Amino acid sequence: MSVFAFLASLLGHVADALDPLFGASAAAAAVVLLTMAVRLALHPLARSAARGERTRAELAPRLAELKRKHRKNPERLQQEAAEMYREAGSSPLAGCLPMAVQLPVFYVMYHLFSTDGGGDLLRHTLLGAPLGDRWTDALADGGPLGARGLVYLGLFVLVAAVATWTYVRARKAAAAVAAPAAGDEEVPGAAVLARMGKVLPLLSFGTLVTVAVVPLAAGLYLVTSTTWTAVERLVLQPLRTPAERA
């Protein structure tokens, strides 16, 4: 049995169990519940990423000092920066690697909810809106304020709120890390982090566009996952780093 067949079967069982509570929208509720279950299983990786992110922010002033001190000696700067991260029990990419590990899981879940890999999932509905339809289908059947259009409107409002919060938080996190200066490319991971710091804050709004063009089931998955991420980051914000626990 393939992973998609297994997940589709599991999704069907969950939907059957939720049917007494949600009726025709049981399959949509199952999408939300299964997404949350997967994100909960991946929570240890999120904790590791949060610690790495906070460690980078705390080390930013020391890294800036090293840059000023060794800006004419890139090799020494690289050695000192690497030693600083080793002493902190971290690395420049400590917060990125755990997130990268999760990408294959996110791909499987997205594929399940956007294709026939979910069995007859796409033939079910959410408050009357078919899970296999897209926003354009809702616009053609009643317009943006029609019964189906209002389902998407609710998702758009939630995504916009989460994206705005994520954008503001990402900009603050990027500002906490010293801006790249001459010779920074010699610092392990600095070039990657600099590029990510410019792009990531904008990616939060990409979900808004994606939800508008993918099947509703996939959009529901994306909304659930991004909302979980925002809440998870808020909860993990006071997480202590290894240095603080020592």
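Coordinate-derived values only; no laboratory data. Keep in mind that what you see is a predicted model, and the values were worked out from it rather than measured.
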Alpha-carbon Rg with Dmax, taken over the stretch 17-65, Å: 19.5, 62
Rounded to whole Hz, the Karplus (6.51, -1.76, 1.60) HN-Hα couplings of the stretch 152-161, x for glycine and proline: 5, 4, x, 5, 4, 4, 5, 4, 4, 5
What are the ³J(HN,Hα) values, in whole Hz, obtained from phi via the Karplus relation 6.51 cos²θ - 1.76 cosθ + 1.60 with θ = phi - 60°, for each residue of the stretch 31-44 in sequence order, with x given for Gly and Pro? 4, 5, 5, 5, 4, 5, 5, 5, 5, 5, 5, 8, 4, x
